[in-house]
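Here it is, the structure in full.
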Amino acid sequence: MKIAVIGSGAAGSVFASYLRRGGAEMFLVDRYKAHMDKVSQDGMTFITPEGECCLNGFCTCASAEELPIMDIVILMVKATQTDGVMESVMSCVGSHTILISLQNGLGNDETLMKYVPADRIMYGSGVIGTELPAPGVCVSKPEAGIQMFFGAAKKSEATDAAGKYLEKCFNDGGCNASFEEDVRPYIWKKAIMNSGYNTVSSVLRLRVGEAMADSYGRGIIEKVWKEGCAVAKAAGIIDLWPLIEADTQNLIDNLGNYYPSMAQDVLIHKRQTEISVLNGAIVRYGERYGVPTPMNSALTEIILSIQGNYGKQYESKPKA
């Protein structure tokens, strides 16, 4: 199957590298020209906890309009950018193409339903820290256990075939992947955990382990998680709090020395974040189901204020 990754930054490059190492035919799309050129000319340097390798055979381009019709299209742009790229993406989507969101956050499946029927949509996410330190170089920092999970918005023969193929390629490439009958608990768990450590790390300007080691930081994170679990339960998802509690040490062990994606957006790149599909989504679903979410609401407003005022914020100057 021909697989395109739309948005081949840090996470998109890591996911694509696992698939390529597992034997998939990969097409990368990204506007970061230096990165695309380097991968096309010299291959992708792929760094994992097990070591480093160079992967060749990627086809790269700046726009999906340059692609042939794909069998699978994986969306990896920020979830807030999906609608903005879909006009060009649809040029490589045929009558059989499966659209897959492996983006952060909640509601990505609903967004894709505006473009293709539900029986051609899959969604999931990875529990993997990612970095793109230089053009043509991507770094994977996976947690233990299942590292990639996905399922169908509506089960069909097409989603079954695509799901089994992706599961095989990810696993053959060294990523522990699982094609789930009901992926919703995994999506909600990932989004809730992200809304805690990702957002609080951004506000406190700390790595994940540092935020968790601070009693106030950990307290805020746990309040975010408990509110999210209450909303998920009201939405018909299983009680996720025991799973999150059990996974907390794994989070610290594997991502403790990591500035998560939102912290990188706020502290390094000064760009728009995914707050609307993380804490903001928990707030919206909470309103829908009548569950109060004061901590998620406050953090959403804080991040929105930060990202709306990058040019005005204080920056320390080096001492003379």
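The values are calculated or read from the model by the stated rules, or taken from the named source; none is laboratory data. No experiment lies behind these values; they were computed from the predicted model shown. Positions of Cβ are backbone-derived with ideal geometry, glycine not excepted, and every protein chain shown enters the neighbour counts.
Taking the stretch 293-314 as the region of interest, how many residues are assigned to a loop (DSSP other than H, G, I, E, B) and under 12 Å from Gly280 (Cβ atoms)?
Residues that pass the stated criteria total 1.
In the stretch 142-183, what residues are within 23 Å of Thr130 (Cα to Cα), of a type in the set (D, E, K, R) and out of contact with any Gly (no Cβ under 6 Å at 6 or more places or on another chain)?
Glu143, Glu167, Lys168
Determine which single condition Glu143 fails, assuming it passes every other condition in (1) under 20 Å from Glu167 (Cβ atoms); (2) modelled with pLDDT of 95 or more; (3) surrounded by fewer than 24 Cβ atoms within 10 Å (Cβ to Cβ).
Just one mismatch for Glu143, condition (2).
Another one. Among the residues that make up the stretch 33-44, is at least one of them of a type outside the set (Val, Ile, Thr), surrounded by 21 or more Cβ atoms within 10 Å (Cβ to Cβ) and closer than 30 Å to Ile237 by Cβ?
No, the conditions are met nowhere in the stretch 33-44.
With of a type in the set (S, T, N, Q) and modelled with pLDDT of 95 or more as the only criterion, which of Ser88, Ser125 stands out?
From the options Ser88, Ser125, the qualifying one is Ser88.
Kindly establish whether Thr273 is surrounded by 22 or more Cβ atoms within 10 Å (Cβ to Cβ) and of a type in the set (Ser, Thr, Tyr).
In short, yes.
Could you list, in sequence order, all residues of the stretch 62-81 that are more than 25 Å from Glu143 (Cβ to Cβ) and crowded, with 17+ Cβ neighbours inside 10 Å?
Hits for the stretch 62-81 are Ala64, Leu67, Met70, Asp71, Val73.
State whether the residues of the stretch 299-311 include one that is free of Cβ contacts under 8 Å to residues at least 24 places away in the same chain and among the hydroxyl-bearing types (Ser, Thr, Tyr).
yes
Is it fair to say Ala232 is within 19 Å of Asp109 (Cα to Cα) and free of Cβ contacts under 8 Å to residues at least 60 places away in the same chain?
yes
Tell me the residue from Lys190, Lys223, Lys155 that is surrounded by fewer than 17 Cβ atoms within 10 Å (Cβ to Cβ) and among the basic types (Lys, Arg), please.
From the options Lys190, Lys223, Lys155, the qualifying one is Lys155.
Among the residues of the stretch 103-121, are any within 17 Å of the chain's Cα centre (by Cα) and aromatic (Phe, Trp, Tyr)?
For the stretch 103-121, residues within 17 Å of the chain's Cα centre (by Cα) and aromatic (Phe, Trp, Tyr): absent.
State all residues of the stretch 267-299 that are under 20 Å from the mean Cα position of the chain (by Cα), within 11 Å of Val224 (Cα to Cα) and of a type in the set (S, T, N, Q); if no residue qualifies, say none.
Hits for the stretch 267-299 are Asn279, Asn296.
If we only count strands (runs of 3 or more DSSP E) wholly inside the stretch 47-133, which ones have 1 or more residues that are closer than 26 Å to Glu180 by Cα?
70-75, 93-101, 121-126
For Val283, indicate whether it is in contact with a helix residue (DSSP H, G or I) (Cβ under 8 Å, 6 or more places away or on another chain), among the hydrophobic types (A, V, I, L, M, F, W, C), surrounded by 22 or more Cβ atoms within 10 Å (Cβ to Cβ) and free of Cβ contacts under 8 Å to residues at least 40 places away in the same chain. It would help to see each step written out before you state the result.
Numbers: in contact with a helix residue (DSSP H, G or I) (Cβ under 8 Å, 6 or more places away or on another chain): yes; among the hydrophobic types (A, V, I, L, M, F, W, C): yes; surrounded by 22 or more Cβ atoms within 10 Å (Cβ to Cβ): yes; free of Cβ contacts under 8 Å to residues at least 40 places away in the same chain: yes.
It is true that Val283 is in contact with a helix residue (DSSP H, G or I) (Cβ under 8 Å, 6 or more places away or on another chain), among the hydrophobic types (A, V, I, L, M, F, W, C), surrounded by 22 or more Cβ atoms within 10 Å (Cβ to Cβ) and free of Cβ contacts under 8 Å to residues at least 40 places away in the same chain.
Is it true that some residue in the stretch 163-170 is out of contact with any Ser or Thr (no Cβ under 8 Å at 6 or more places or on another chain), more than 22 Å from Ala10 (Cα to Cα), buried (at least 23 other Cβ atoms within 10 Å of the Cβ) and in the same structural domain as His35 (by TED's automatic domain parsing)?
So far as the stretch 163-170 goes, yes, one or more of its residues are out of contact with any Ser or Thr (no Cβ under 8 Å at 6 or more places or on another chain), more than 22 Å from Ala10 (Cα to Cα), buried (at least 23 other Cβ atoms within 10 Å of the Cβ) and in the same structural domain as His35 (by TED's automatic domain parsing).
Only one of these is within 12 Å of Thr199 (Cα to Cα) and among the β-branched types (Val, Ile, Thr): Val283, Val266. Name it.
Among Val283, Val266, only Val266 is within 12 Å of Thr199 (Cα to Cα) and among the β-branched types (Val, Ile, Thr).
Filter the stretch 90-120 for residues that are surrounded by 24 or more Cβ atoms within 10 Å (Cβ to Cβ) and β-branched (Val, Ile, Thr) and give the result.
Listed by number, the residues that qualify are Ile98, Ile100.
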